[in-house]
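**Q** Dropping the structure in here first, questions after.
The values are calculated or read from the model by the stated rules, or taken from the named source; none is laboratory data. Since we're looking at a predicted model, the values are computed, not measured. Counting neighbours? That spans all protein chains shown, and the Cβs are built from the backbone with ideal geometry, glycine included.
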Amino acid sequence: MTLITMSAKELDRFQIIKKLIDKHLNGTEASHLLTLSVRQVKRLKAKVKQGGAKGLVHGNRGRTSNHRLPAKEQERIKMLLHERYADFKPTFASEKLRENHYLDHDPKTIRQIMINEGLWQPKRKEKISVHRAWRERRSHYGEMIQFDGSYEHWLEDRAGTGELCLLAAIDDATGKIVAARFAEHEGVFPVFGFWQEYIVKNGKPRSIYLDKFSTYNVNHKLAKENSDTLTQFERAAKELHIELIKANSPQAKGRVERLFETLQDRLIKELRLAGISTINEANIFLEKVFIPKFNAKFSVEPRNKTNLHQKLTVKEVNGLPGILSRQTPRTILNDFTFSFKNQWYQLVKEQPATVCKKDTVIIEEQPNQPVRVRLRGKYLNYELLPQRPVKQILPVKMPWILPATKTHIPPVNHPWRLAGRAQILANLNQPSKTF
């Protein structure tokens, strides 16, 4: 007895055709029930009469596909997957097989091979418990830039690099990576250096969408400046007239969050294949190779072709380093000195602006640069003091203050003493009385 494997659809067809043969249904009724033409129903009826239920089974079932990969090529793919792309996802692995080995196959084919080889396990979709509304992309390039940083072992600890921070900005309208850079941490200076390079190259965007910095890994040994970074960044954005939008959750700025998910999958492996082990090499690779390829593959056209980046004037370019610096206020003391980071500074006599005691000046810090002191838009001249100025205390005569006095002892010839002595002598010279 031969067993026939049939799908639910084929089994349903067999039941209807059987009733048609037994004349419980006519051809028109059977065609309506099966949503087939009357001619097709007649063909199926003839096949069932000739071969029984087997006549409804597709003729290619159980046969080898004409499009099946040759065994030799399949073995080569398996070898490459195990040796070089074992931790790649199927789509990315198929791209690399096509680029590097000229093996052009559908990602679904590579996916099935990886599943069979135990290199990939399909993930079950998780149910979304929180409802979130979809937000339409902005319509103009440069209208809103999403910015964030991600800590990861991007170079997989080659050459002892350890955990690095990838600063990245993505345009909301196009999905393009407009800038990306590796840094040791997400402090004030790396962030300001990132945006200074971006603004000089592209101009000022209309708005920047970023995190409140509270969700970052603040326990990272090199990321202890997050609160100060946000404070300084808010001040700089206000001076540059750039709207700053702060997200309350990672999901709110989902475009840049999804970008980092993709980069953590693809970029790490691209850097490994390129043999890159230093931050400088990684930044060059990002700019010259990875970002152009990524944008060509994943970016979209904006709804409006107008670029809303605003180019800087010469004056704005010259003032940009001062704006994108860490700024700290200090008060001028009576001797025209001030302290900053346990160091004392003396303002010299010749200044481009009038300096008064108790004036508040702004200290500007930049990496590998001496501090600059700004007052009302002018930079003051100063000298570095070797130590804190010593306050000199001079003796001052104050006649209105009486000196401390001691108990006065009258001299021997004082009238009071003389009168008392005379009385004593008189008493001694008087004759004694006998009673």
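**Q** Applying the selection to segment 134-150, what residues are closer than 17 Å to GLY254 by Cα and not in a loop (DSSP other than H, G, I, E, B)?
**A** If the condition is that a residue be closer than 17 Å to GLY254 by Cα and not in a loop (DSSP other than H, G, I, E, B), then ILE145, GLN146, PHE147, ASP148, GLY149, SER150 are the ones that fit.
**Q** While we're looking at this one, here's another question. Under 6 Å between Cβ atoms, at least 6 apart or on separate chains: pull out the pairs that start in segment 226-255 with a residue that is on the phi < 0 side of the Ramachandran plot and exposed (fewer than 15 other Cβ atoms within 10 Å of the Cβ) and end on any residue that is of a type in the set (Asp, Glu) and at pLDDT below 70.
**A** Filtered contacts from segment 226-255: no entries.
**Q** Checking ILE113 against (1) in contact (Cβ under 8 Å) with a residue 12 or more places away in the chain; (2) outside any helix (DSSP H, G or I); (3) over 22 Å from LEU263 (Cα atoms): exactly one of these is not met. Which one?
**A** (2)
A quick yes/no check of all residues on (1) in contact (Cβ under 8 Å) with a residue 40 or more places away in the chain; (2) in contact with an Asp or Glu (Cβ under 9 Å, 6 or more places away or on another chain); (3) assigned by TED's automatic domain parsing to the domain that holds GLY175; (4) over 16 Å from ALA183 (Cβ atoms):
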site	(1), (2), (3), (4)
LEU259	yes, yes, yes, yes
THR262	no, no, yes, yes
LYS269	yes, yes, yes, yes
ALA274	no, yes, yes, yes
ASN280	no, no, yes, no
ILE284	no, no, yes, no
VAL289	no, yes, yes, yes
ASN295	yes, no, yes, yes
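**Q** Turning to a different aspect of this structure: So, in segment 42-93, exactly how many residues are over 30 Å from GLN264 (Cα atoms), basic (Lys, Arg) and modelled with pLDDT of 80 or more?
**A** Counting residues in segment 42-93 that are over 30 Å from GLN264 (Cα atoms), basic (Lys, Arg) and modelled with pLDDT of 80 or more gives 7.
**Q** For segment 301-406, please list each of the strands (runs of 3 or more DSSP E) lying entirely inside it that holds at least 1 residues being modelled with pLDDT of 90 or more and of a type in the set (Lys, Arg).
**A** Numbers: elements: 304-307, 326-331, 337-339, 344-347, 360-365, 372-375, 382-384.
Passing ranges, in order: 304-307, 326-331, 372-375.
**Q** Tell me which of these LEU69 doesn't satisfy, since it passes every other one: (1) surrounded by 12 or more Cβ atoms within 10 Å (Cβ to Cβ); (2) of a type outside the set (Asp, Glu); (3) more than 16 Å from ASP104 (Cα to Cα).
**A** (3)
**Q** Just checking, how many residues over segment 140-175 are out of contact with any helix residue (DSSP H, G or I) (no Cβ under 8 Å at 6 or more places or on another chain) and on the phi > 0 side of the Ramachandran plot?
**A** 4
**Q** Another question about this same structure. Among LYS78, LYS47, which is the only one that is under 19 Å from THR109 (Cα atoms), touching a helix residue (DSSP H, G or I) at 6+ places or on another chain (Cβ under 8 Å) and of a type outside the set (Ser, Thr, Tyr)?
**A** Working: LYS47 fails: under 19 Å from THR109 (Cα atoms).
Testing whether each residue is under 19 Å from THR109 (Cα atoms), touching a helix residue (DSSP H, G or I) at 6+ places or on another chain (Cβ under 8 Å) and of a type outside the set (Ser, Thr, Tyr) leaves just LYS78.
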